Amino acid sequence: MIERPCPGGGKPWTVDIAGKPICPRCRRALSTVAGKGKTVQNTPRVPAHERPGRGQRRAPTR
């Protein structure tokens, strides 16, 4: 299966309920997408990254 880029790349970060920055589309954490040790000040926009595959998606919370 071909991995496609996440459409959240290049957009500003979104904040989850706990106050941590996440990708606005795939909801991955800053450390997962940008790399360990990065901060929102160092990386103001979400870097380009691959969309998670079907096996990596979290189950719906509803």
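The values are calculated or read from the model by the stated rules, or taken from the named source; none is laboratory data. This is a predicted model, so every value here is computed, not measured. A quick note on method: Cβ atoms are made from the backbone with ideal geometry, for glycine too, and the neighbour counts reach across all protein chains shown.
Ala29 meets all of the listed conditions (1) farther than 17 Å from Pro5 by Cβ; (2) at pLDDT below 90 but one, namely (2). When region 28-55 is limited to residues that are under 15 Å from Gly9 (Cβ atoms) and out of contact with any strand residue (DSSP E or B) (no Cβ under 8 Å at 6 or more places or on another chain), the one that is surrounded by the fewest Cβ atoms within 10 Å (Cβ to Cβ) turns out to be Gly35.
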